[in-house]
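**Q** Would you mind keeping the following structure in view while I ask a few things?
FYI, it's all coordinate maths here, none of it is from the lab. Since we're looking at a predicted model, the values are computed, not measured. Cβ sites come from the backbone with ideal geometry, for glycine too, and all protein chains shown count toward neighbours.
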Amino acid sequence: MAPAQLELFKFSLYVFLPVYAMLHYGDPEWYEKWVGPLRSGFRRDDAKQMEPPRDTSELKAELDRLRHDRLAKRALRDSGAIPPSDSPLVGPGAAAAPPAPPSSILSTTSTSFFSSAATDSADDRRQV
C-alpha cells in the first residue's frame, strides 16, 4: 500500500483540481478576455436574436405577423409565382413520394399467398 502522504496528495489533487479549473475558467473576466473576441467568429448573428414576447399584446402581434407571412407565401405559391418544388413547405431537396402500386396487385398477391399458405399447411397436417 502507498504511504499516507501519497494518498493525501492524490486526494487533494482529485478534489482541488476541478475546483481550481471551475474558478479559473468560469471567471467572467477570463471569459471576456479570451472567449469574447472569438465569439463573433462563431456567432455572426448575435445582434439579430429573437426575443420572446413579454406580454399578450406582443404575442398576438407576433402571431398575426407570422400568419400574414404564411398566407402571403401561400398566395404566391397558389398563383404560380413559386413552383411547388421550391415551396418552403416542401423544401428544395425533398423528393416526391414514390407512386403506390395498384391496389389490385396488392390484394391478389396477398390473398393468394396467404390462402395458398393456409391450404398448404392444412394439407401437410392431414398427410402426417
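**Q** Taking the Cβ-Cβ separation of SER79 and VAL35 as r and a Förster radius of 35 Å, what is the calculated FRET efficiency to the nearest 0.05?
**A** Details: r = 49 Å, r/R0 = 1.40.
For SER79 and VAL35, the calculated efficiency is 0.10.
**Q** Treat each spin label as a single point 7 Å out from the Cα along the C-beta direction, and report the MET50 to LEU23 distance in nm.
**A** My value for the distance between the label points is 4.2 nm.
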